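One structure below.
Bear in mind that the values in this text are calculations on the coordinates, not laboratory data. What you see is a predicted model; the values in this text were computed from it and never measured. Cβ placement follows ideal geometry from the backbone for every residue including glycine, while neighbour counts extend to all protein chains displayed.
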Amino acid sequence: MHPARDKRLTALAEPMRLFEPITADIACLGTRCESDRDEAIKAAVKVPIKQVVARRRDVREQIVTALRAEPDLNRRLDRLLSIPGLGERMAVPLPITMPEPGRITRKEAARLAGLAPFDRSSGQYDGQRHIAGGGPTALSAACLSAASRSSS
């Protein structure tokens with residue numbers, strides 16, 4: 001059995017849950033802006049894009065401020081940011097969504113991050129293995145991107 005979840009991180013999980021949908025909203029509005037030919041509509045769409053981008057920045061700053069206010073969480077964030085290629089966009093969600101390293105196994109960490117392969121086998125059926133599940137979708141995307149770069 002694992003120790004109880006840190007209440008400070010539980011409190012930060014709520015604003016963190018806003019982050020991914022806000023990012024999806026920005027992408028959706030950006031696509032609308034790029035695909036529309038009417039300049040008036042493009043201009044009208046750019047206003048909410050700026051507002052949503054500002055909201056995402058505010059949420060991230062709120063979370064970073066809370067992490068930085070706690071010495072142990074500040075150290076964890078600094079350790080994550082010291083990893084080459086890992087920026088704030090990737091590092092900030094990890095202390096909140098992933099338990100402290102050492103509390104879980106590597107397999108559990110991979111599963112939580114959405115990086116563990118799951119097979120689709122039943123009886124004599126031997127299905128393909130897929131990476132599925134997990135929480136930090138940005139981490140999954142970054143890992144897949146890094147893996148594709150290293151294999152080229």
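A few points about this structure:
- A simple charge model with +1 on the Cβ of Lys and Arg, -1 on the Cβ of Asp and Glu and nothing else charged puts the dipole of region 1-103 at about 140 debye relative to its Cα centre.
- Straight-line cross-link partners of LYS46 among the aspartates and glutamates, defined as a Cα under 19 Å from its Cα and at least 8 positions apart when in the same chain: ASP25, GLU34, ASP36, ASP38, ASP58.
- Local net charge near ASP36, Cβ-Cβ under 14 Å (Lys/Arg +1, Asp/Glu -1): +1
- Subtracting the Cα-Cα distance of ALA40 and GLU61 from 0.36 nm times their residue separation leaves 4.3 nm of extension gain.
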